[in-house]
1. Considering Cα pairs under 8 angstrom that are at least six residues apart, work out the relative contact order of segment 1-150 and quote it in whole percent.
2. Rounded to the nearest whole Å², what accessible area per residue is found for the chain with the 1.4 Å probe?
3. Could you give me the radius of gyration and the Dmax of segment 179-298, taking only the C-alpha atoms into account and expressing both in angstrom?
4. In whole percent, and with a 1.4 Å probe on the protein chains, what portion of the accessible area of the chain is carbon and sulfur?
5. State the extension gain, in nm to one decimal, for the chain segment bounded by Asn289 and Arg20, taking 0.36 nm per residue of separation less the distance between their alpha-carbons.
6. 7 Å from Cα along Cα→Cβ at both Glu114 and Lys191: what's the point-to-point distance in nm?
7. Could you work out the pair-distance distribution P(r) of segment 279-405 from its alpha-carbon pairs, with 5 angstrom bin width and percents rounded to whole numbers?
8. Looking at the chain, what % of its DSSP beta bridges pair antiparallel, to the nearest 5?
Amino acid sequence: MSRIVMKFGGTSVGNTERIRNVAKRVIGETAKGHEIVVVVSAMGKTTDELLRLAEDLSAEPSKREMDMLLSTGEQVTSALLTMSLQHMGQDAVSFTGWQAGIGTESVHRNARIEHIDTIRIEQALSAGKVIVIAGFQGLDAFGEITTLGRGGSDTTAVAIAASILADRCDIYTDVDGIYTSDPRFIEGARKLQELSYDEMLELANLGAGVLHPRAVEFAKNFCLPLSVRSSLSEETGTILLEEPTMEKNLIVRGVAFEPEIVRITIAYEVPFNGSLAKIFTMLARYHINVDIIVQSIMEGIQPSVSFSIKKEDFAETIHILKSNKDDLGYQLANFEEGLAKVSIVGSGMVSNPGVAAQMFDRLRKEEIAVKMVSTSEIKVSVVIPEIDMLKATNALHDEFGLAVVRV
């Protein structure tokens, strides 16, 4: 008998018919003798609808109240799925995130899980119940409801799986696995049979929306077998593991893209590293995620530092910089919108020099301007005009032969 965590995304539970199908799938696993914990997202576009309602009432709703509002979506799904399971004769119980013992840091809208008290989960499993947990949410030390950020139900599922020592965690979505790029936009994108934790972590952080980055971190830290598969078919999905055994000849395994990037440039009078420390410490204090950072110090030119952020953080970032200008010690700040980030990812890049040069050469041939660059051992990211995002992604997907099945 295995212990399995099954996570179903919003599309998989988008209506009552799909909820019934999920219930049948869950019962199919229990019939094999497995202990099952299910984690669910909000139904379909529920979260988007709740966001729209909030925006109709307030241009800047408080983050606490947004957590109160958004956490309800997953609770609706968990209750409905449990009702469906019970109707089909399966003993089941639904839990909110806090009933499942999920404790988080005291950050609204993007909290991290700090601990999980599994007592109620273990008791319910011992009683032979299927447990259905509302994903994306927890409770901080002050009894406040928190949410884990977009895609946080993935994180809930993997964290629960690690805490209860599950044999594996299956993420069910509306796609049948992880692709070399988004097949909705990239011609010839194909499914990968295997992917390393590190590669998936980079892809998730760089805009691939299949898995939440924190979910991949949990899986890697606990060496938890993690699969991504379709909820609408029985087809085998993509397996995440420490080191892939298949398609080893692929130097680049994926191309990710992310729109709505903003570049902020701050100029100051003297090249003083203390200014950098103050700026990024201040932004971190407000939980602003800064991505690519480029500092420029040249004789005869005013020192400056440029960094990229997501557009959703732009207004708050500008407010923080303006409110703390004297303390931060900079002279002026400007910004550039209408940008995007495109990245190539692959563990084979470590032992194959020249990959970045090949990437830049193809972008040059496509007449695409590169405004910022960031690299690691297994990825190269560029910030480019957003209008060229899909053109660049398709070109790089072709350049590294990702649409071709190599034998």
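1. Averaging sequence separation for qualifying contacts and normalising by length gives 25 percent for segment 1-150.
2. That works out to 46 Å² per residue.
3. Reported Rg and Dmax, both Å: 18.8, 62.
4. 51 percent
5. On the way: separation 269, 0.36 × 269 = 96.84 nm, distance 3.89 nm.
Full extension of this stretch gives 93.0 nm more.
6. According to this spin-label approximation, the distance is 4.1 nm.
7. Using 5 Å bins, I get a P(r) of 2, 9, 17, 18, 17, 14, 11, 8, 4, 1, 0, 0 for segment 279-405.
8. Numbers: 45 of 73 bridges.
Once the DSSP bridges in the chain are tallied, antiparallel ones form about 60 percent.
The values are calculated or read from the model by the stated rules, or taken from the named source; none is laboratory data. Being a predicted model, the structure only gives us computed values, none of them experimental. Note: ideal-geometry Cβ built from the backbone for every residue, glycine included; neighbour counts use all protein chains shown. To get the accessible areas, we keep the full protein, side chains included, count just its heavy atoms, and leave off ligands, DNA and RNA. Shrake-Rupley method; radii C 1.70, N 1.55, O 1.52, S 1.80 Å.
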